[in-house]
1. How many residues are surrounded by 11 or more Cβ atoms within 10 Å (Cβ to Cβ) and either acidic (Asp, Glu) or at positive phi (or both) when one looks only at the range 284-293?
2. Anything in the range 1-18 that is under 20 Å from the mean Cα position of the chain (by Cα) and surrounded by 15 or more Cβ atoms within 10 Å (Cβ to Cβ)? List them, or say none.
3. Within the range 276-284, does at least one residue satisfy the condition of being in a loop (DSSP other than H, G, I, E, B) and either at pLDDT 90 or above or not hydrophobic (A, V, I, L, M, F, W, C) (or both)?
4. Might you check whether a residue that is closer than 19 Å to Ile193 by Cα, in contact with a Leu (Cβ under 7 Å, 6 or more places away or on another chain), at pLDDT 95 or above and buried (at least 16 other Cβ atoms within 10 Å of the Cβ) occurs anywhere in the range 75-87?
5. Can you name the residue in the range 96-132 that is assigned to a loop (DSSP other than H, G, I, E, B) and touching a residue at least 60 places away in the same chain (Cβ under 8 Å) and, of all such residues, is farthest from the chain's Cα centre (by Cα)?
6. Filter the range 294-309 down to residues that are over 13 Å from Val242 (Cα atoms) and either surrounded by fewer than 12 Cβ atoms within 10 Å (Cβ to Cβ) or among the β-branched types (Val, Ile, Thr) (or both), then give me how many there are.
7. Of all residues in the range 137-155, which are surrounded by fewer than 16 Cβ atoms within 10 Å (Cβ to Cβ) and not in a strand (DSSP E or B)?
8. Going by the structure shown, is Glu307 closer than 24 Å to Glu177 by Cα and either touching a Ser or Thr at 6+ places or on another chain (Cβ under 9 Å) or part of a loop (DSSP other than H, G, I, E, B) (or both)?
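The values are calculated or read from the model by the stated rules, or taken from the named source; none is laboratory data. Worth saying up front: this structure is predicted, and the values here are computed from it rather than measured. So basically every Cβ, Gly included, is an ideal-geometry build from the backbone, and we count neighbours across all protein chains shown.
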Amino acid sequence: MQIIQDIETIKEPFKSAVITIGNFDGVHIGHQALFHEVIERAEAMDGTAIAMTFDPHPIRVIKRNGNPPLITLYEQKAELIEKAGIDVLICIPFTMDFAALSARTFVEEILVKRIGMKAIVVGQDYTFGNRREGNVELLKQYAAEMGFEVIVAEWIQSTNADSDRISSTAIRELVMEGDMEKAGKMLGRNYQIRGTVARGRDRGGKLLGIPTANINLQDELCPKAGVYAVIVNYNGRRYPGVANIGYSPTFDDNVFTVEAHILGFKKDIYGEKIMVNFVQRLRGEIKFSGIDELIEQIDRDIAKAREILAPHLKT
């Protein structure tokens, strides 16, 4: 997949460009359906399948207090879009100047003239241009005038009875509630955080006999405090694990940590990158009477995690 981070570097239009545009936070199964439609149309036209996204998230630029935690950081988002089969990812640096572009200028100058758009795939609530002046109806008017096709995709509904259509907002709420199973169904995969293993309080290995890999989060969404069954990706392999998120109330030190114990793993991986995939929340945080009671509960957590993760690690 070709990645473009400056539209000024596009010197000539792409061949029969079919494009979809969005933040694509989470790259959930609704987004994946859009990509599938783009790819099918591009193949039918012998053209180029393109996704356009933005960094930083537009809300972070437009709203002073807008700072939504991200379901997927840009690195993971790009990986998932490539995996979906898109030919070109265009990441627009989102600024106030870009936000001020009129709907017509955005479509005519950027999408049609520079990118070579022949078709666009959008959701029913798609808006664009300064102050969201553009919508699907205006896009269709431009299409008749400028010679491109507009495909409006149907909503992808959730299989959860208590949820409406699949959206980044719905997934964000589920992760913050600790409901990783429902979030995973909407994402089409387990929710993942990734980062470099940092030195923590070195208490897990020395005091409890259970070494943990501590991760410093960046801008990504943090699941609800508690203990989780997880699958850890390291160096191309997948390992079962148990992750703890929170303040370790038994020790009363009020330090928030995200740490994963990789089952049966002995290597020193400080400074190395891991990915933690959340499969199921086991329990909330508990303040125990002492170290012995805590260790007994951790042993139960590990046994439960092994049982939950066994089917996930067969393939």
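1. 2
2. Met1, Ile4
3. Yes.
4. So far as the range 75-87 goes, yes, one or more of its residues are closer than 19 Å to Ile193 by Cα, in contact with a Leu (Cβ under 7 Å, 6 or more places away or on another chain), at pLDDT 95 or above and buried (at least 16 other Cβ atoms within 10 Å of the Cβ).
5. Gly116
6. 2
7. Glu137, Lys140, Gln141, Ala144, Glu145, Met146, Gly147, Glu154, Trp155
8. The answer is no for Glu307.
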